[in-house]
1. Per residue, what volume in Å³ does the convex hull of the Cα atoms of segment 8-52 enclose?
2. Packing-wise, with mean Cβ within 10 Å as the measure, how do 59-69, 23-33 rank, highest first?
3. Which values of log₁₀ I(q)/I(0), to two decimal places, follow from the Debye formula for the chain at q = 0.12, 0.20, 0.23, 0.25 Å⁻¹ with a uniform point scatterer at every Cα?
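Readers should treat all values here as calculations from the given coordinates under stated rules, not as data from a laboratory. Quick caveat: nothing in here was measured; it's all calculated off a predicted structure. Glycine also receives a Cβ, built like all others from the backbone with ideal geometry; neighbour counts cover every protein chain displayed.
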Amino acid sequence: MSIIGALVVLGAFVADQLGWITPSRLSYALANFVGAGLLTVVAVVDRQIGFILLQGAWTLISLWGAAAILRSRGASPLRGGRRGEEP
């Protein structure tokens, strides 16, 4: 499970470095969320407090990034805000 998690996170990073994807894409945020989530589970099972902190934070930040991307998709380009909101 740790190898899969690491490969998912590293795959997203490599794709970004090669210009195949950007961090503003939902797929990038979700790959980080899934990979870091798997690594967090492994860290919890192994009782590795430092890695729980690192991977747990990475998971939560990736989730926040994915939510931000989804919220921005709901924004109206003409109004500059969420649909139905005034500028």
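1. On the way: hull volume 2.8 nm³, N = 45.
Residue-normalised Cα hull volume stands at 62 Å³.
2. Details: 59-69: 16.0, 23-33: 17.5.
Averaged packing, sorted descending, gives the order 23-33, 59-69.
3. Normalising to I(0) and taking log10 leaves -0.44, -0.86, -1.01, -1.10.
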